[in-house]
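Worksheet: the structure to be examined is printed underneath.
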Amino acid sequence: LTDHATVPVTEQFVATGGAVPLTFTATGLPTGLTMDSSGRVTGTPSQAGTFSVTIIATDARELVGTAGFTWTIIALPQIVLPIPQTSFVGVAVNLAIAKTGGAAPFTWSAAGLPAGLTINPSTGVISGTPTAAVAAATVTLTLTDGLGAIATGSFLWTVAPPTPPVPNNPGQQGGTV
């Protein structure tokens with residue numbers, strides 16, 4: 001299993017066979033989770049990590065069955081926002097947006113990108129060539145991880161008009177010193 005830290009969890013474990021009623025216990029549960037005697041695990045994982053869990057089912061005749069597995073608790077996804085960006089009309093842009101936490105696969109989207117720019121939905125790279133000047137556009141990023149957790153964040157992007165060409169000054173001709 002894989003779940004996010006700080007997000008409530010409810011899991012129901014079942015066993016087959018045995019004389020009813022069955023009573024469940026567990027060892028190694030992630031911090032913040034508990035199991036009741038019916039096999040229901042609830043709570044909010046408080047820390048990321050990998051936990052070796054053993055589920056123990058005891059039947060009415062005191063016969064015991066066990067199952068073990070790894071339960072991974074991961075941090076929620078977060079976007080590492082870039083500093084405010086400044087680019088120029090007609091000059092290509094390639095900006096990778098960083099992230100932390102979350103579970104693959106990830107899906108990126110962006111609202112408010114300057115004209116001519118797009119975000120790659122798989123990699124989070126913003127690229128393209130700005131086509132129009134804009135003063136401080138608010139770009140809002142959204143990152144969705146493979147477990148459905150969503151992170152959002154915004155930053156400013158300014159696109160300046162193209163820079164004028166630098167005149168070619170060949171120097172002065174002639175004259176004496």
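Tabulated data
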item: For segment 24-85, accessible area per residue (1.4 Å probe, heavy atoms of protein chains only), Å²; result: 54
item: Virtual spin-label span in nm between Ala111 and Lys99, 7 Å along Cα→Cβ; result: 1.8
item: 1.4 Å probe accessible area per residue over segment 86-171, in Å²; result: 53
item: Extension reserve of the Thr42-Thr16 stretch, reckoned as 0.36 nm per residue once the Cα distance is removed; result: 7.2 nm
item: Accessible-area composition of the chain, carbon plus sulfur, in percent [1.4 Å probe]; result: 57
item: Residue-by-residue Karplus 3J(HN,Hα) for segment 121-134, coefficients 6.51, -1.76, 1.60, Hz, glycine and proline x; result: x, 8, 10, x, 8, 8, 8, x, 10, x, 10, 8, 6, 8
item: Alpha-carbon Rg with Dmax, taken over segment 84-148, Å; result: 12.7, 39
item: Cα Rg over Rh - the chain, Kirkwood; result: 1.37
item: Convex hull volume per residue for segment 17-85, taking Cα atoms only, in Å³; result: 99
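The values are calculated or read from the model by the stated rules, or taken from the named source; none is laboratory data. Since we're looking at a predicted model, the values are computed, not measured. Counting neighbours? That spans all protein chains shown, and the Cβs are built from the backbone with ideal geometry, glycine included. The protein model used for the area step is the full one, side chains on, heavy atoms only, and it has no ligands, DNA or RNA in it. Shrake-Rupley method; radii C 1.70, N 1.55, O 1.52, S 1.80 Å.
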